[in-house]
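The values are calculated or read from the model by the stated rules, or taken from the named source; none is laboratory data. These numbers were taken from a predicted model, which means no experiment stands behind them. Every residue, glycine as well, gets a Cβ built from its backbone with ideal geometry; the counts of neighbours run over all protein chains shown. Please note that ligands, DNA and RNA were not included when accessible areas were found on the heavy atoms of the full protein model with its side chains. Shrake-Rupley method; radii C 1.70, N 1.55, O 1.52, S 1.80 Å.
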Amino acid sequence: MLDTHCRKYIQPLIGVGAEIAMKFGLSANAVTIIAMLLGIFSGVLVAFGFNILAVLVLWFSGYLDAVDGTIARKTKSSSPFGTVMDITFDRIVEGAVILGIAYKYTEFSFISLILAVSIIISMTIFLTTGPLAENKGEKTFYYQAGLAERTEGFLMLSLMILLKENAGVVINIFTAMVLFTAFQRFIEAKKILK
């Protein structure tokens, strides 16, 4: 939801990051890989109890995840494989953070697993609808908006990290948001794929 409605306000900041990365000779795919590695490192930081640093690294990873698409559009280097990398690596980052939390706070292992399964369900709808729908917008695939998009995910992951032993409620709320998003996407898919 925030990604869809607020991107235009932060795009200038993302554009600055894209210009800096291009000055260093980084391609969109290189930035995608760096974003993923930082996101995985965020999960490792959580597992070892460096929670504030983990949140900072997670958000920098997310920033770079937005920068890569801007680089691809500016350099006209968007590719189907770049899209696959981007979407796959986003899930790897989310998984790394969820695993870090489940490792550090074992009392949340089961509900973290439910969250991960919810993400799989939502992304299955997202990824199967995309190829079947006409591409609309600036992305290289059909983008289904919903309540829990990337920014909401980062907000919830950040709260999960920062609340430490009290993160259970946030995990459950995030799971509900993801499942609601899956429902939204399923209903939209039914409408547009008739």
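The calculated 222 nm mean residue ellipticity attributable to helices in the chain amounts to -27500 deg cm²/dmol, summing -39500 (n - 2.57) over DSSP H runs of n ≥ 4 and dividing by all residues. Using heavy atoms of the protein chains and a probe of 1.4 Å, the accessible area assigned to residue 73 is about 80 Å².
A simple rule links phi to the HN-Hα coupling: the Karplus curve 6.51 cos²θ - 1.76 cosθ + 1.60 with θ = phi - 60°, which for segment 6-12 gives 10, 4, 4, 7, 9, 4, x Hz, with x for Gly and Pro. For residue 23, a cut-off of 12 angstrom between C-alpha atoms picks up no aspartates and glutamates at all, skipping any fewer than 8 places away in its own chain.
Panel note: the C-alpha atoms of segment 8-112, placed on their principal axes, show extents of 47, 27, 25 Å (largest first). Please label the shape of the chain as rounded, prolate or oblate, based on the square roots a ≥ b ≥ c of the eigenvalues of the alpha-carbon gyration tensor (a/c under 1.5 means rounded; beyond that, a/b larger than b/c means prolate, else oblate). Because a/c hits 1.5 or more and a/b fails to exceed b/c, the chain counts as oblate.
A protection proxy built from the mean count of other Cβ atoms within 10 Å ranks the segments 47-54, 29-36, most packed first, as 29-36, 47-54.
Between residue 150 and residue 33, the distance separating the two model label sites (each 7 Å from Cα on the Cα→Cβ line) works out to 1.9 nm.
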